[in-house]
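Read the figures in this text as sums done on the coordinates, not as results from a lab. Remember, predicted model here, so these are calculated numbers, not experimental data. Cβ sites come from the backbone with ideal geometry, for glycine too, and all protein chains shown count toward neighbours.
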Amino acid sequence: MSNINSKNKVDNFSIHGNSIKEVRCVHIRVYNVPMSAINRPIPSQLDRSKVEKMKQVLEIPDREEELTPIDVHHVKHKGQDYYFAFGGCHRWAASKELGRETIRAKLIETPASVISTYMGASSPFRD
């Protein structure tokens, strides 16, 4: 663990993805995912003061990594790629309000059936 640059360390805890094996690894790959590609099917309940504090961090160059990346579920279904985020609503709102095109995210490979469990009849994967 002494080889890992502290700047690249990622908080691996996630209420949505903690049971996924990839999330428990020492090194998690973080991507800059286009916000336009991510579906957020559950409306957010925001604490405005938290969003404002995150915006302050994001506005300072090189401080973005202080915020934990959001978990994004990546689903491959019938040759298409789908991306879903169920958490990270404050980080999402801060990024969106600042007009950012991408957001730092951990991608979690997720079966379409899991997304269907979350979304029920609203799932795009009903066959």
Practice item. Only residues that are under 30 Å from GLN80 (Cα atoms), in contact with a Lys or Arg (Cβ under 9 Å, 6 or more places away or on another chain) and not charged (D, E, K, R): list them for segment 28-64, please. Key: ILE28, VAL30, TYR31, ASN32, VAL33, MET35
Check your understanding: For segment 29-52, how many residues meet the condition of being surrounded by fewer than 16 Cβ atoms within 10 Å (Cβ to Cβ), out of contact with any His (no Cβ under 9 Å at 6 or more places or on another chain) and part of a helix (DSSP H, G or I)?
Key -> 5
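Quickly run through segment 79-103 and pick out the residues that are touching a residue at least 60 places away in the same chain (Cβ under 8 Å) and polar (S, T, N, Q).
Selection gives SER95, THR102.
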Check your understanding: What number of residues within segment 80-127 are in contact with a strand residue (DSSP E or B) (Cβ under 8 Å, 6 or more places away or on another chain) and exposed (fewer than 13 other Cβ atoms within 10 Å of the Cβ)?
Key -> 3
